[in-house]
Amino acid sequence: MKKMGWKIFESHKKTKQKVKIALWALVILILVIMVGNGVRFVHFISAPLNKETTISKNYLWDGAFNINLVVKSAGLSVLSYNPKEKTLVLLEVGDEVYINVPGGFGEWQARSIFDLGENENPKAGDSFLVNSFSSHLEIPLDGYWEPGGSFKNTRAKDLILQLRSSPLDLISLLLSSKTNITLFEFWRFALGLIGIREDKIVETGNFSEDAILSEGLTIGVYNATDLPGIAQKVSRIISNMGGNVIISSNASFKQKHSTLSAPPSQTRKRLMQVFSSSEMKDEKYESRAEVNIFIGEDFAQKIN
């Protein structure tokens with residue numbers, strides 16, 4: 001037992017050393033870019049790695065919450081990385097599963113959704129996948145990740161295990177990946193993946209957010225559109241995030257953009273990110289919930 005414990009200790013020690021090597025290699029790469037490009041550097045690290053992405057995300061993932069991504073590699077999967085607990089939920093989605101594509105496109109096999117979006121002008125394969133999977137699984141998704149190069153035909157779990165054993169592969173993965181997240185976000189995310197223990201990678205699990213669960217604020221969800229069933233759908237999304245939804249109803253008014261009224265909290269911050277909502281200035285409602293979100297046409301169309 002002592003020998004086994006020593007082996008595990010040595011394995012973790014070597015993994016940490018590899019992570020440090022990969023980190024310093026990436027730092028050197030970034031310094032070279034800074035020297036060579038000067039003022040372009042700030043734009044470089046704050047822009048999506050895929051400049052042609054059609055996914056709109058108006059926040060920067062800083063590790064305060066989970067990051068949820070659709071992964072398109074050898075197959076399709078959805079991952080949720082929890083940076084606080086250092087855990088990863090990795091859910092594979094069968095290629096032949098039929099999924100409703102928002103926007104009136106009807107049901108398509110999962111493997112065909114990306115190509116369907118690429119036939120649009122402009123090409124929108126990534127946003128088609130994100131919106132379809134978010135609506136189907138009823139979870140928030142922060143974006144899309146398509147590993148390239150030698151990783152292109154690698155299943156998501158195998159890719160992560162490969163990164164853990166060879167952290168220096170992070171650099172080639174970074175240079176070949178297509179994603180709507182920025183260099184800064186991808187760096188933080190990938191280093192987190194390298195540090196995850198294999199027993200912390202699960203293929204079934206929930207997508208709850210620790211911060212929302214711990215605050216336990218009561219939440220009211222209101223449909224401020226003419227589209228049916230939006231309040232119920234959004235309520236399930238928030239519940240899957242760990243939210244305590246006590247009201248799910250139609251608003252007495254309609255609006256194009258989603259708005260939110262809530263006390264300063266992590267729940268408020270995360271919901272504003274997920275639903276691209278702004279603070280409600282004119283409180284024209286009465287509610288017993290502590291947090292109230294009014295879903296406008298902007299988000300409703302993404303999931304309907």
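The values are calculated or read from the model by the stated rules, or taken from the named source; none is laboratory data. In this text the structure is predicted, and so the values were computed from the model without any measurement.
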> Looking at this structure, is Leu60 under 13 Å from the mean Cα position of the chain (by Cα), of a type outside the set (Phe, Trp, Tyr) and not in a strand (DSSP E or B)?
Replying inline: yes
Going through region 237-253 in order, the residues found to be outside any strand (DSSP E or B) and either modelled with pLDDT under 95 or aliphatic (A, V, I, L, M) (or both) are Ile237, Ile238, Met241, Ala251, Ser252, Phe253
